[in-house]
1. Just give me the residues in segment 303-324 being among the acidic types (Asp, Glu) and modelled with pLDDT under 95, in sequence order.
2. Looking at ALA293, is it of a type in the set (Gly, Ala, Ser) and either assigned to a helix (DSSP H, G or I) or in contact with a helix residue (DSSP H, G or I) (Cβ under 6 Å, 6 or more places away or on another chain) (or both)?
3. From the set of residues in segment 23-78 that are over 22 Å from the mean Cα position of the chain (by Cα) and among the small types (Gly, Ala, Ser), which is modelled with the lowest pLDDT?
4. Please identify the pairs in which a residue from segment 42-59 that is outside the structural domain of PHE91 (by TED's automatic domain parsing) has its Cβ atom under 8 Å from the Cβ atom of a residue that is of a type in the set (S, T, N, Q) and in a strand (DSSP E or B), counting only partners at least 6 apart or on another chain.
5. So, ASP194, is that one touching a Gly at 6+ places or on another chain (Cβ under 9 Å), closer than 30 Å to GLN134 by Cβ and charged (D, E, K, R) or not?
6. Is it the case, given these coordinates, that VAL36 is in contact with an Asp or Glu (Cβ under 6 Å, 6 or more places away or on another chain) and either within 30 Å of LEU224 (Cβ to Cβ) or of a type in the set (Ser, Thr, Tyr) (or both)?
7. Among LEU279, LEU260, LEU219, which is the only one that is in contact with a Lys or Arg (Cβ under 9 Å, 6 or more places away or on another chain), touching a residue at least 40 places away in the same chain (Cβ under 8 Å), of a type outside the set (Val, Ile, Thr) and over 30 Å from ARG92 (Cα atoms)?
8. Please go through segment 210-255 and pick out each residue that is β-branched (Val, Ile, Thr) and assigned to a strand (DSSP E or B).
Amino acid sequence: MANAKKTHIVCYPRVNNTNQYIDLNTRIWKGCGFSVEQTDLLLSEIRHVLTIDKQSVLILNWFEDRVSYRSSALLEIIKSTFILIVCRFKFRKIIWVRHNLNPHSGKAFRWFSLLRKLLSSFSDAVVAHRPTQQLDIEYIPHPLYLPKAVLVSRASATAPFLIVGVVKKYKGIVELLSVWPANLTIRVVGKCSDSDLEKEIHTVIQSRKLNCTFVNAFLSAEELEREIKSAKFVVLPHADNSMLVTGVYFHAISLGVPCLISKGDFGHYIKSEIGDTPLFSRTTIANDLELLADIDREALVQQSQNNFNDARIESRWLSIVTYL
């Protein structure tokens, strides 16, 4: 631990108000004894990067997405390559945390793939929050949103089923609503910036006369937690070939709120960690929902603390940052 206390972590990107992931991992890294600073690795920040101690470790999250959300992907790939070269010479170690199998945006896929290859070659280790045979990665469990057990009573659940968080195509919401039983209440809450996707959701709700409320709005951290606490089940219909894990799941189980997960690699991984996890398939959803039983929330919280506790995660980060 003495060496760990001397380690300085530089984390990309900085915390933003739409995702608590960086805050969660900062808690973990500080628990390891590391000091932590954050950066957006803009060209204007390179001068500061050059002043950072050479024994520091750079941890990159979603760096490959830089090319998906810029007006000029070619210009962004040039800038990002330059930044990676500078960082490769500057930092003792670069760790790339891979969050997705494929990009969530269809823009500039060729450049995205190139940047992903560059990241793989420039990094000393690639980390993911789910073990997978598809990738050569170091597995580190995803942190819980609350380090200590919190149990939300089932009696407080006013929404039988809830889909919550930023609304994007890869989350499979339209596909789920296309087969969702019309007599079952479901609530969809989160910001949708894709006008075509928003129209698709409204169309399927209206055409199938679903008992579904769609609230297109940005949620603060407090509002997000309040929505999760109100649910009997949080529904996760994500496309299996896109993401590795989803933070909404770990937020929900931190509060003892069970999730109903689409069958696939992520669902089977969670079931291997948390045995009493209901899975569904779009082709059998009516039967799956009919057989759905109440989940013991106290047991769920206990299992989540056993399998995704800070001590276990800190141990893995210590091993990778300090010794790998």
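1. To start, the set of residues in segment 303-324 that are among the acidic types (Asp, Glu) comprises 310, 314.
Correct list: empty.
2. Details: of a type in the set (Gly, Ala, Ser): yes; either assigned to a helix (DSSP H, G or I) or in contact with a helix residue (DSSP H, G or I) (Cβ under 6 Å, 6 or more places away or on another chain) (or both): no.
Here the answer is no, as ALA293 does not meet what is asked.
3. Step by step, filter segment 23-78, then rank; the result is SER71.
4. From residues that are outside the structural domain of PHE91 (by TED's automatic domain parsing), there are no pairs.
5. Details: touching a Gly at 6+ places or on another chain (Cβ under 9 Å): no; closer than 30 Å to GLN134 by Cβ: yes; charged (D, E, K, R): yes.
Judged against the criteria, ASP194 is not a match.
6. Details: in contact with an Asp or Glu (Cβ under 6 Å, 6 or more places away or on another chain): no; either within 30 Å of LEU224 (Cβ to Cβ) or of a type in the set (Ser, Thr, Tyr) (or both): yes.
Criteria not met by VAL36.
7. Working: LEU279 fails: touching a residue at least 40 places away in the same chain (Cβ under 8 Å); LEU260 fails: in contact with a Lys or Arg (Cβ under 9 Å, 6 or more places away or on another chain).
When all the criteria are applied, what remains is LEU219.
8. If we filter segment 210-255 for residues that are β-branched (Val, Ile, Thr), which is where we start, we get 213, 215, 228, 234-235, 245-246, 248, 253.
If the condition is that a residue be β-branched (Val, Ile, Thr) and assigned to a strand (DSSP E or B), then THR213, VAL215, VAL234, VAL235 are the ones that fit.
The values are calculated or read from the model by the stated rules, or taken from the named source; none is laboratory data. What you see is a predicted model, and the numbers here were worked out from it, not measured in a lab. For neighbour counting, all protein chains shown are included, and Cβ atoms are generated from backbone atoms with ideal geometry for every residue, glycine included.
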